[in-house]
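Beneath this line is the structure, given in structure tokens, with notes to follow.
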Amino acid sequence: MAVEVRVPTLGESIVEATVGKWLKRVGDTVAAGETLVDLETDKVNVEVAAEQAGVLEQILKNEGENVAVGEVIGTLGAGGAAAQN
């Protein structure tokens with residue numbers, strides 16, 4: 001089952017960010033808590049981490065694109081042996 005990677009709350013009055021750099025690529029295995037992507041705003045830079053271990057299945061927003069708080073920017077699938085079946 002895929003898990004959505006969403007833009008987290010960025011700050012009190014910040015409602016959007018720009019995708020700075022994806023640190024992982026589609027097909028990469030990631031550990032829970034590992035940083036997937038950096039988001040940039042005028043006020044803060046935020047690292048978005050994987051909520052669970054798995055494989056990055058999709059990148060829905062590319063570097064340089066604007067994203068809103070709560071928007072889905074990628075998906076993680078099951079990792080390890082489950083992903084190989």
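Determine which member of the set E65, E40 is modelled with pLDDT of 95 or more and open to solvent by less than 70 Å² (accessible area, probe 1.4 Å).
E65
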Criterion: of a type in the set (V, I, T) and open to solvent by less than 30 Å² (accessible area, probe 1.4 Å) - qualifying residue of T75, T29: T75
Long-range neighbours under 9 Å by Cβ, at least six apart or interchain, first residue free of Cβ contacts under 8 Å to residues at least 40 places away in the same chain within the range 42-59, second of a type in the set (S, T, Y) and part of a loop (DSSP other than H, G, I, E, B): K43/S13
Boolean, K21 is out of contact with any helix residue (DSSP H, G or I) (no Cβ under 7 Å at 6 or more places or on another chain), basic (K, R) and modelled with pLDDT of 95 or more: yes
Residue that is within 11 Å of the chain's Cα centre (by Cα), part of a loop (DSSP other than H, G, I, E, B) and not small (G, A, S), where the choices are K21, K43, K61: K61
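The values are calculated or read from the model by the stated rules, or taken from the named source; none is laboratory data. Predicted model only: the values in this text are computed from it and were never measured. For neighbour counting, all protein chains shown are included, and Cβ atoms are generated from backbone atoms with ideal geometry for every residue, glycine included. Heavy atoms of the whole protein, side chains included, go into the accessibility calculation; ligands, DNA and RNA do not. Shrake-Rupley method; radii C 1.70, N 1.55, O 1.52, S 1.80 Å.
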